[in-house]
1. Mind counting the residues in region 42-60 that are within 19 Å of Glu19 (Cβ to Cβ) and surrounded by 10 or more Cβ atoms within 10 Å (Cβ to Cβ)?
2. Would you call Gly38 closer than 30 Å to Tyr3 by Cα, touching a residue at least 12 places away in the same chain (Cβ under 8 Å) and surrounded by 10 or more Cβ atoms within 10 Å (Cβ to Cβ)?
3. Can you name every residue in region 9-56 that is at pLDDT below 75, under 30 Å from Lys67 (Cα atoms) and in a helix (DSSP H, G or I)?
Amino acid sequence: MKYKEAVITVIIGSSSHFEIAIATAIAMYGVGSVAALGTTMGLFWEVPVMLAIVYLGKYLGKRGFWKSD
């Protein structure tokens, strides 16, 4: 897999259907439940984790990690 494809795949995969998970947790367990709280707290982690993945991908790309022989 090439560098550009790998980084984009990881970013899309890490954020897919997150909004659906929040809606499902709230619908099933209620707004004041621990499950809904845990699901919504994931939003605070999503952006920093995705930025870290981008920086890691750029770093590995500079090191030639995805170069094909």
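1. 6
2. Judged against the criteria, Gly38 is not a match.
3. Across region 9-56, the qualifying residues are Thr9, Val10, Ile11, Ile12, Gly13, Ser14, Ser15.
The values are calculated or read from the model by the stated rules, or taken from the named source; none is laboratory data. Note that the structure is a prediction, hence the values are computed from the model and not measured. FYI the Cβ positions are ideal-geometry reconstructions off the backbone, even for glycines, and counts take in every protein chain you see.
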